[in-house]
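The values are calculated or read from the model by the stated rules, or taken from the named source; none is laboratory data. Quantities reported herein were computed from a predicted structural model and do not represent experimental measurements. Here Cβ is always computed from backbone atoms with ideal geometry, including for glycine, and neighbour counts include all displayed protein chains.
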Amino acid sequence: TKKIGLIFAMQEEQEGLDEYILNSRKSYYGQREFIEGNLWGTPIVAVLSGIGKVAAAITSTQLIERFDVSELILTGVAGGADVQIQRGDVVIADQLLQHDMNASPLFPKFEIPMRNKSRFHAEANLYEVLEKAAHDFTSSSKTTRVHRGLIASGDQFINDATILAQLKLEIPDLLAVEMEGAAIAQVCHDFGIPFAVVRTISDSANDNALHDFKEFIEKIAAPYSIGILKSYFELI
Ligand code: ADE
């Protein structure tokens, strides 16, 4: 039976979600609060992972092993990494890559050792519906666009146009950067659990990134995350 794990990296990305969770039960493992309950008709477990690949990997492993989730969805913000992508746009991952993985010359740059791949695929059955949900949620805005493509994760907040340009040179199809998605992708790959990543663009990973990020995270990030999730739960 369906039980969806919902991961958020930061409190600001899930602010207000709790009040929609019915019959909620809280439990605590590994410094994290897990909230089980029913969200718009679907059994869920929501958790704040904390920032970064290790925090995200621990959290997704807990959701799979301890809470037995059937699928996992990560929502939050990301830095835009393409000229087509503007602040407030939504990016849905179809593939994810860890941009700070580099075991060369043992393995090609970006490749996950012993997995023979640098890119993990999100679950098409999930991201196609999430993409529709994002369209439904953003349909009232004439300027917001929804994109689908490659998201890269690394333990680095990118706020430098030169660093971003270097990444784009190596990964031309990159759409957005964040700090958790590709770690969750690796865990879900190893356990055979379907997952999806939905990100709203808070900044352009350039020299204005910190200012743009702070402003966005303060009051726009959570309504986007929650709004897209609500549209999603209405579709499933
Ligand atoms: N999340 C949101 N913006 C980001 C950025 N510029 N770098 C890394 N993660 C982010």
Just name the residue that is nearest to the chain's Cα centre (by Cα) out of those in the range 148-170 that are of a type in the set (V, I, T) and crowded, with 19+ Cβ neighbours inside 10 Å. I151
Quick check: is even one residue across the range 60-76 in contact with a Pro (Cβ under 7 Å, 6 or more places away or on another chain) and touching a residue at least 40 places away in the same chain (Cβ under 8 Å)? yes
Can you pull out the helices (runs of 4 or more DSSP H) entirely within the range 133-234 that have at least 3 residues that are in contact (Cβ under 8 Å) with a residue 12 or more places away in the chain and small (G, A, S)? 181-191
What are the residues in the range 187-218 that are within 10 Å of the ligand (Cβ to nearest atom), over 10 Å from A78 (Cβ atoms) and of a type in the set (G, A, S), if any? S204, A209
Does V45 count as within 16 Å of the ligand (Cβ to nearest atom), surrounded by 15 or more Cβ atoms within 10 Å (Cβ to Cβ) and closer than 21 Å to R199 by Cβ? no
Subset of the range 97-128 (residues that are buried (at least 17 other Cβ atoms within 10 Å of the Cβ) and among the hydrophobic types (A, V, I, L, M, F, W, C)): L97, M101, F110, I112, F120, A122, L126
In the range 1-28, residue modelled with the lowest pLDDT [restricted to those that are among the hydroxyl-bearing types (S, T, Y) and either assigned to a strand (DSSP E or B) or more than 14 Å from F233 (Cα to Cα) (or both)]: T1
